[in-house]
Amino acid sequence: MPHVRIAFCCTDTKPEPWLAGLRAALPGAVVEVWQPGAPPADYAVVWAPPQAFVDEQPGLKAMFNIGAGVDALLRLRLPPGLRLVRLDDAGMSVQMAEYVCHALIRHFREFDGYEADVAQGKWSYRKPRERSEYPVGVMGLGVLGARVAQAVAQFDFPVNGWSRTPRELPGVRGFHGAQGLNDFLAASRVLVNLLPLTPDTQDILNRDTLSRLQPGGYLINVARGAHVVDDDLLALIDSGHLAGATLDVFRTEPLPAAHPFWQHPKVTVTPHTSARTLRTESIAQIATKIRRLLAGEPIDRLPGVVDAARGY
Ligand SMILES: NC(=O)c1ccc[n+]([C@@H]2O[C@H](COP(=O)([O-])OP(=O)(O)OC[C@H]3O[C@@H](n4cnc5c(N)ncnc54)[C@H](OP(=O)(O)O)[C@@H]3O)[C@@H](O)[C@H]2O)c1
C-alpha cells in the first residue's frame with residue numbers, strides 16, 4: 001500500500017478501537033487521532049468534526065463520515081474540492097427495519113394499550129384492526145427507506161413511498177417530487193420519515209403536511225428532528241387527527257427535560273438509537289473504499305459519495 005495518512009476526528013467516540021480496526025484493515029497506513037497542528041492527512045474519518053479540523057486540513061482528498069446523514073457536515077465551511085463519503089448501510093438498514101416494524105406493529109396491534117392494562121392486572125380484549133386501513137407511507141426511498149418499505153410490505157400493510165426522483169420497488173406504490181407529496185400523504189395513515197435533512201426537507205412535517213394524512217394518522221420519525229415542527233405535531237395529536245407518534249430524533253439532543261414529548265401519553269421517545277453505527281461493518285466499508293481510491297478508482301464510482309449541491 002502506498003504511504004497514506006488518515007486523520008481520525010470523531011466527537012463523542014472512543015478512538016482506540018477505531019484506530020486499531022482501521023490500522024488492521026489498512027496495513028501500512030498511518031492512522032492517528034487529529035490534534036491541532038497535526039501533519040496534513042490524505043483522508044479523514046469523521047463524526048461532527050470542528051471547523052478548525054477542516055480549516056487545518058485543506059489537502060484532504062476525501063472525508064468519510066461514520067454515519068449516514070451528512071447534514072451537520074454540510075453546515076461546515078468546506079473547501080470546494082473536498083468530497084464527502086457517508087456510510088452506505090453498513091448494518092444500519094436492518095436496524096431501521098426492526099425499529100420501524102416494531103413501532104408500527106406496536107401501534108397497529110395496540111401492544112402499548114395491552115402493556116398498560118397488564119400493568120394494572122387487567123385481562124383486556126381489543127377488536128382486531130383492518131390492515132388495509134393502515135397504509136404506511138415511507139418518505140425517502142434510499143438505502144434505509146427502501147429496506148424499511150420492503151420490510152413493512154412483508155407484513156401485508158399497503159405501502160406508499162415518496163422520493164425526489166421516481167423509484168420503483170416491488171410492493172410499494174411510488175410517488176415522487178413536490179408535485180407528488182399531497183397525493184402520497186392522502187394515501188397514507190402511518191408516516192415513516194427517512195429523508196435526509198436538506199434545505200428542501202427541513203420542517204417538512206408540519207401542520208399542513210401532517211393534517212393531510214388519513215384520520216387517526218401516526219408518525220414514526222427516524223430521520224432528523226428538524227424535519228418536524230414540534231408544536232404542529234403536538235397540536236394535531238391533541239386535536240385527535242393524529243393518534244400519536246414514535247420519535248427517535250429531536251431538534252435538540254438529548255431531548256431537553258422540559259420538552260412536552262417526554263411526558264405525552266401518545267408520544268413514544270427513544271434516544272436516537274434506531275440505527276446505530278456498527279464499528280466493525282463501518283471500518284470494513286471505509287477501508288474497502290480507501291483501498292479502491294488508492295488503486296486509482298474514481299471517487300464517483302464509490303457508493304455513498306455525497307452530492308453537496310443536492311444536500312445528501
Ligand atoms: N435515527 C438514526 O439513528 C439514523 C441513522 C441513520 C440515518 N438516519 C437518517 O436517515 C436518512 C436517510 O438515510 P439513507 O442512507 O437512506 O439516505 P439516502 O440513501 O441518501 O436516501 C435518501 C432518500 O430521500 C429522498 N429525498 C431526498 N430529498 C428529497 C426531497 N426533497 N423530496 C423527496 N425525497 C427526497 C431521496 O430521493 P432519491 O431516491 O430520488 O434520491 C432518497 O430516496 C439520513 O440522511 C439520516 O438523516 C437516521
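Here the condition is being among the small types (Gly, Ala, Ser), within 16 Å of the ligand (Cβ to nearest atom), out of contact with any Ser or Thr (no Cβ under 8 Å at 6 or more places or on another chain) and free of Cβ contacts under 8 Å to residues at least 40 places away in the same chain; of Ala295, Ala257, Ala309, it holds for Ala309 alone.
Annotation: Gly171 fulfils all but one of (1) out of contact with any Gly (no Cβ under 9 Å at 6 or more places or on another chain); (2) at negative phi; the unmet one is (2).
Those helices (runs of 4 or more DSSP H) of the range 12-97 in which at least 3 residues are within 16 Å of the ligand (Cβ to nearest atom), considering only elements entirely within it, cover 71-74. Within the range 99-134, the only residue that satisfies the criterion of being closer than 24 Å to Thr270 by Cβ, in contact (Cβ under 8 Å) with a residue 40 or more places away in the chain and among the acidic types (Asp, Glu) is Asp112. The strands (runs of 3 or more DSSP E) falling completely within the range 164-230 that include 2 or more residues that are over 16 Å from Leu141 (Cα atoms) map to 217-221. Would you confirm, using the coordinates I've provided, whether Asp89 is on the phi < 0 side of the Ramachandran plot and charged (D, E, K, R)? So Asp89 fails the test. Against the test of being crowded, with 17+ Cβ neighbours inside 10 Å, hydrophobic (A, V, I, L, M, F, W, C) and away from the ligand (no atom under 12 Å from the Cβ), the options Leu169, Leu234 yield a single qualifying residue, Leu234.
Report whether or not Gly180 is in contact (Cβ under 8 Å) with a residue 12 or more places away in the chain, among the small types (Gly, Ala, Ser), within 16 Å of the ligand (Cβ to nearest atom) and within 23 Å of Ala153 (Cβ to Cβ).
yes
Taking the criterion of being crowded, with 22+ Cβ neighbours inside 10 Å and within 13 Å of the ligand (Cβ to nearest atom), would at least one residue in the range 100-116 satisfy it? The answer is yes, given that some residue of the range 100-116 is crowded, with 22+ Cβ neighbours inside 10 Å and within 13 Å of the ligand (Cβ to nearest atom).
The numbers here are math on the coordinates, done by the rules we state, and not lab data. It should be emphasised that the depicted structure is a prediction, and the values quoted were computed from it without experimental measurement. For neighbour counting, all protein chains shown are included, and Cβ atoms are generated from backbone atoms with ideal geometry for every residue, glycine included.
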